[in-house]
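One structure below.
The values are calculated or read from the model by the stated rules, or taken from the named source; none is laboratory data. Values in this document were obtained by computation on a predicted structure and should not be read as measured data. A quick note on method: Cβ atoms are made from the backbone with ideal geometry, for glycine too, and the neighbour counts reach across all protein chains shown. Only protein heavy atoms, including side chains, enter the accessible area calculation; ligands, DNA and RNA are left aside. Shrake-Rupley method; radii C 1.70, N 1.55, O 1.52, S 1.80 Å.
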Amino acid sequence: MKLFQFSALFTEEGWISPAYVGINTSGEITYLDQVQPSELFPDFEKIDGYVLPGFQNAHSHAFQYGMAGMAETHMPGTDDDFWSWREAMYRCALSFSPDDMKKVAVQLYQHMLRNGYTEVAEFHYLHHDKDGKPYANLAETGTALIEAAAEAGIKITLVPVFYQRGNFGTEFYPQQRRFISATPDDYFNLLESSKKAVDYYENARLGFGVHSLRAVDAVDIIATATKGPTDLPFHIHAAEQLKELEDCRNHLGTTPVDWLLNNLDLNERFHLIHCTHLSDKELEGLARSKANVVLCPGTEGNLGDGIFRLKEYHEAGGNWSIGTDSHISLNPLEDFRWMDYAQRLMSHKRNTFADGGKTLLHQALVNGRKAMGVDNKSYFKIGSAFDAVVYNAKNLLYRQAGPDHLLPAIIYNSDSTNILGTIVAGEWIFRDAEYCPSCKQASLNY
Ligand SMILES: [Zn+2]
């Protein structure tokens, strides 16, 4: 039994200050109030920090962290776009053993925790051995990711995805051989093995999905979505690149999001990654369907994808969350700012959202949890695990902000150096060495 006293904690109704949070031995919140409990908690810790709910990273390809920042040198006169970046990514994918994948993922997940993420959805398609043959354990590489998450201390939702084709209707390319399942049944066998891998770690869950419309035949996308589990989140990339839209029109007679709206029963369980290019009709249909868009502004900016119509989508009532995708940036607040500032740069107005960052935090949290397969709209709830990121209350900018401006001061002004620590299920997983000398060794590892 543990009791924290924080300077303040952010809830749906605003800041609680001070905030007493009681935790049981399972890491669940048993007490939350401005008043100290009369009940005795043997462990008491007073923290001069401001608490937000831990962030959800709703879209990750862990192995791509192994090449982050390594595709930024462009030969003069060449057309270095998404598709040339993809070739570099394939070279990276072909070089990784499961052990390499685990090592890179441990580093990645530790850095996510250092930036305040407490949960990650791993959109995983690097399934097979280097020669393209399945491992004896079909979920060998998925298991490596689960082990990495357990070692780092982050919660993970493993989303093994179905990958079948090189492009719409074409054979897969040799450099994609590690990704491939030939049929929905092959994919479901992989999903079944992944289910066993998830059992290894108490903070692991399972999702499922399809890489994209270009990577799986339309009939098999429908079969996967309709015959697959009805209680797991379904993830799919959609409408990231203009060429992808053009190829989709040529092959299916329409664009990816329009096809998905017309052929799948989209609802809150579906998570469409990117959706960068939407017509008015698609934007309205998607918002109405209550499916979620997962925005990855760092990667989308890095790859030159385009700008998602966030302001219009939000005003139409659309759901969205955030992900780091290729991990070129790992700070959720930087991604929030990318999303907001792109809208401001287009509109020449500052008020993308009127509420000082609350919308950003709320959407990313509630819909990010759905991407993990967690239905919990409450920021901190009695009976739920205490997952949190704690910002340093000694920061002068935060102090001058006062309760009315504290959230925007954190969201628009912070990086990981302002974080005192990150808590998962009631335990400090990362804690800044400057504020916790006894944690120095652990911190240096980050
Ligand atoms: Zn992706």
Bridge type composition, the stretch 55-352 - antiparallel percent by DSSP, nearest 5: 5
Debye intensity ratio I(q)/I(0), log10, the stretch 238-294, q values 0.12 Å⁻¹ (C-alpha model): -0.23
Cα coordinate range in the chain, projected on the principal axes (Å, largest first): 66, 53, 47
Among GLU13, GLU171, GLU202: highest mean-square fluctuation, GNM of the chain, C-alpha pairs under 10 Å: GLU13
Under 12 Å, Cβ to Cβ, from ASN167 - net charge with Lys/Arg +1 and Asp/Glu -1: -1
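Add +1 for every Lys or Arg and -1 for every Asp or Glu among the other residues with Cβ under 14 Å from the Cβ of LEU113, and state the total. The partial results should precede the final answer.
On the way: positive: ARG114, LYS155, ARG431; negative: GLU119, GLU151, ASP387, GLU427, ASP432.
Overall, the nearby charge balance is -2.
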Highest-MSF residue in the chain out of LYS290, LYS195, LYS349 [GNM, Cα springs under 10 Å]: LYS349
Per residue solvent-accessible surface (Å²) - the stretch 178-262, probe of 1.4 Å: 42
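Using a 1.4 Å probe over the heavy atoms of the protein chains, calculate the carbon and sulfur portion of the accessible area of the chain as a whole percent.
Working: 8980 of 18130 Å².
The C+S portion of the solvent-accessible surface of the chain is 50 percent.
Within the stretch 55-150, list the GluC sites (Glu not before Pro) lying in a DSSP loop whose Cβ has at most 14 other Cβ atoms in a 10 Å radius. Working shown, then result.
On the way: sites: GLU72, GLU87, GLU119, GLU122, GLU140, GLU147; in loops: GLU72.
Filter output for the stretch 55-150: GLU72.
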Low-density loop cleavage sites - GluC sites (Glu not before Pro) in the stretch 254-328, where at most 16 other Cβ are within 10 Å (DSSP): GLU268
5 angstrom amide H check on ALA121, placed H, neighbours 5+ away: ASN57, ALA58, HIS59, SER60, THR157
